[in-house]
1. Of all the strands (runs of 3 or more DSSP E) wholly in segment 63-155, which have at least 1 residues that are modelled with pLDDT under 95 and surrounded by 13 or more Cβ atoms within 10 Å (Cβ to Cβ)?
2. Among the candidates S37, S65, S72, S77, single out the residue that is of a type in the set (S, T, N, Q) and within 30 Å of E236 (Cβ to Cβ).
3. Within segment 27-45, does at least one residue satisfy the condition of being part of a loop (DSSP other than H, G, I, E, B), within 16 Å of S99 (Cα to Cα), basic (K, R) and at pLDDT 55 or above?
4. Could you tell me how many of the residues in segment 150-187 are in contact with a Phe, Trp or Tyr (Cβ under 7 Å, 6 or more places away or on another chain) and small (G, A, S)?
5. State which residue pairs qualify: first residue farther than 14 Å from K98 by Cα and inside segment 126-140, second residue at pLDDT 95 or above and part of a helix (DSSP H, G or I) in any location, beta carbons under 6 Å apart, and separation of 6 or more residues or different chains.
6. Report every pair of residues separated by at least 6 positions or lying on different chains whose Cβ atoms are under 8 Å apart, first residue within segment 97-121 and within 17 Å of Y156 (Cβ to Cβ), second part of a loop (DSSP other than H, G, I, E, B) and aromatic (F, W, Y).
7. Quick check on this structure: which one of R252, R190 is surrounded by fewer than 15 Cβ atoms within 10 Å (Cβ to Cβ), within 21 Å of the chain's Cα centre (by Cα) and either at pLDDT 95 or above or part of a helix (DSSP H, G or I) (or both)?
Amino acid sequence: MEWGKFRVGLLLWFGSASALCPSNARAKRPTSVPCHSHNDYEREQPLKQALVSRFQSVEADLWLSTGKIMVSHWPWSYAGSLEEMYLKPLQDLLTTRKSVHDDGKTFYLWLDLKDGRDEFRPKLAKLLSDFKSLAPAVQIILTGSESQREKLLREYSLQVQHDRDEFRDDDPVTDGSWTWYSLKWRDYFRWRGQGEVPERERLDLRNMIAKIHSKGKKLRFYAAPETPELWKLLAEEGVDLVGTDQVSVLGRLFRGLISNQLNQPSPM
């Protein structure tokens, strides 16, 4: 993989070439990376580890238990409440800055709706309304149960967006609510992140991204191989968030690549 191509992906992400030029490194050095902490509550230090690694996105699975919205992959052995683990810490952080990483970029909090009971929705809606001041610095994305999501959006007026887990060429342009695709990697691609990327798959990925972006939407993958080769491919081709369960490893990779680029002689 050529660094020049990977650099193009970084430039698209960070929005301007000057942000990666050595002459502007001190003033405009990017402080966050377009990476996503999958099942973030399973980290040793939920949220904190992602923030230290400068991730722009985290995900929490939600259930209702004893009247509170709780975080866990299964409806037992909860890691804690959504409020205490994510909403309050982010609110506290934003009392001293206008964005989570103090770089003006949106931070994404993905809420995976696991609980299918009717009583789950009003509790979650009330909690999100109590923390509506997080917007626009924090954008909440609803994922998971499609039926719960549709009912929640129909029954309550919330400052949230949502994703879909299937891509079709004839999907409509964004309506401001459906803004993301979360796609299972192996449903669309066979490459497992080792060795050379098949050119056909690279082109298919490139075309998919172009179509999604032309609809005003963004893309992330899940259940993808956790390899540097795949991470670099996603960056090179312009996937909007690179997901991982290896937060520190991916964070170091991206910060190292960015640091190396900042120290390269400027071609501009």
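1. Hits in segment 63-155: none.
2. Every option except S37 fails the conditions.
3. no
4. Of the residues in that region, 1 qualify.
5. Between residues of segment 126-140 that are farther than 14 Å from K98 by Cα and residues that are at pLDDT 95 or above and part of a helix (DSSP H, G or I), the close pairs are F131/L87.
6. From residues that are within 17 Å of Y156 (Cβ to Cβ), the pairs are R121/Y156.
7. Answer to the check: R252.
Condition check ((1) within 27 Å of L124 (Cα to Cα); (2) touching a residue at least 40 places away in the same chain (Cβ under 8 Å); (3) not acidic (D, E)) across all residues:
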| site | (1), (2), (3) |
| --- | --- |
| Q161 | yes, no, yes |
| V173 | no, yes, yes |
| R190 | no, no, yes |
| K232 | no, yes, yes |
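The values are calculated or read from the model by the stated rules, or taken from the named source; none is laboratory data. Predicted model only: the values in this text are computed from it and were never measured. Backbone-built Cβ (ideal geometry, glycine too); neighbour counts: all protein chains shown.
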